[in-house]
1. What trypsin sites (Lys or Arg not before Pro) in the range 1-61 are in a loop by DSSP, with at most 16 other Cβ atoms within 10 Å of the Cβ?
2. Give, as a single signed number, the net charge of other residues whose beta carbon lies under 15 Å from the beta carbon of residue 234, with Lys and Arg counted +1 and Asp and Glu -1.
3. Quote the Stokes-Einstein diffusion coefficient, in whole µm² s⁻¹, for the range 104-237, based on the Kirkwood radius over alpha carbon pairs, a temperature of 4 °C and a viscosity of 1.567 mPa s.
4. Using a Gaussian network model on the chain with a 10 Å cutoff between Cα atoms, which of 262, 97, 154 fluctuates the most?
5. Using the Cα atoms as the points, what is the convex hull volume per residue of the range 159-278 in Å³?
6. Across the Cα atoms of the range 1-147, what radius of gyration and what greatest pairwise Cα-Cα distance (Dmax) are found, in Å?
7. For the range 19-277, report the accessible area per residue in Å² (1.4 Å probe, heavy atoms, rounded to an integer).
8. For the range 172-189 and the range 1-72, what is the separation of their Cα centres, given in Å?
Amino acid sequence: MLPSIVILGVFVVYPMTQALYLSFTDYDVLNPARFVGLDNYSRLVGDGDFRNALLNTLYYAVVTTPVSVALALLFAVLLNMKLPLRGFARTAIFMPVVLGLAVVAIAWSFLLDPDIGLISYWLGEIGIGTGQGWLRDPDLAMPAVMLVGVWKNVGFYMVIYLAGLQSIPRDLYEAARIDGASAWQQFRKVTWPLLANQTMLVTILAAIATLQAFDQIFVMTGGGPFFQTETLVMLIYRSGFEHFEFGYAAAISWVLVLLILVLSLLQLLYFRRRAVRY
């Protein structure tokens, strides 16, 4: 374990402790760091930009996490059956996982472009669209980046569910069929309860990923229009690398760390009660 511990210490633990130290300073690169105590954290309380970014982050997470989990489960159940082109469908759904999110975001920006975008054209043909484009509309920009986030990650969660489905003993389904259970009853009484462990893992991973959303937002909208898609990570980037307020950016980053920690622990405690062994 020593090599892994060293790598984690150098690339994870050390940067986090440095960020914690910087969060108590007014470091701006040009001048030496000066200790300011809790000033950066008290500033967060009255910062409208921080409140907006926090609400956008929670909105993104609350919508994207359950949608990703539900779609992953649906695809896993369908593709666990003996269907035509099952291997092709599995590969197609998983393929976005191995692609770089920045590259994917560029492609989606073209697809959603109001002038040349294929998806915008198709949606416009059925009466769904906007003249200024999805990524420039304050009401549609966030759903657009959510769509990309779900499309990018759902394949990974599907594979986890597929592994869980294939580990469920077939005897349980045979017993359920003998007892007269329908397909829905088999899913509700056998499949879903026995996927509790996978659901816990997928939900926690999805929540952490959504709370750290940055790549597609940076590429597709830059946090706009009118800061409607600016998340906490986008605000950290803007505060640190545009305004050079690295102490304040570090304080925001630690708020995000604590938010992820609290949500992960709550989910872990909830799902641990439903953990199954068979």
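The values are calculated or read from the model by the stated rules, or taken from the named source; none is laboratory data. Quantities reported herein were computed from a predicted structural model and do not represent experimental measurements. Quick reminder, even Gly has a Cβ in these numbers, built from the backbone with ideal geometry, and neighbours come from all protein chains shown. These area figures cover heavy atoms from the full protein model, side chains too; ligands, DNA and RNA do not enter into them. Shrake-Rupley method; radii C 1.70, N 1.55, O 1.52, S 1.80 Å.
1. Sites meeting the loop and neighbour criteria: 34.
2. Within the 15 Å Cβ shell, the charges total -4.
3. Details: Rh = 17.5 Å.
D = 74 µm²/s.
4. Highest fluctuation among the options: 262.
5. Hull volume over Cα atoms, normalised by residue count, gives 133 Å³.
6. 22.2, 65
7. I get 55 Å² per residue for the range 19-277.
8. 47
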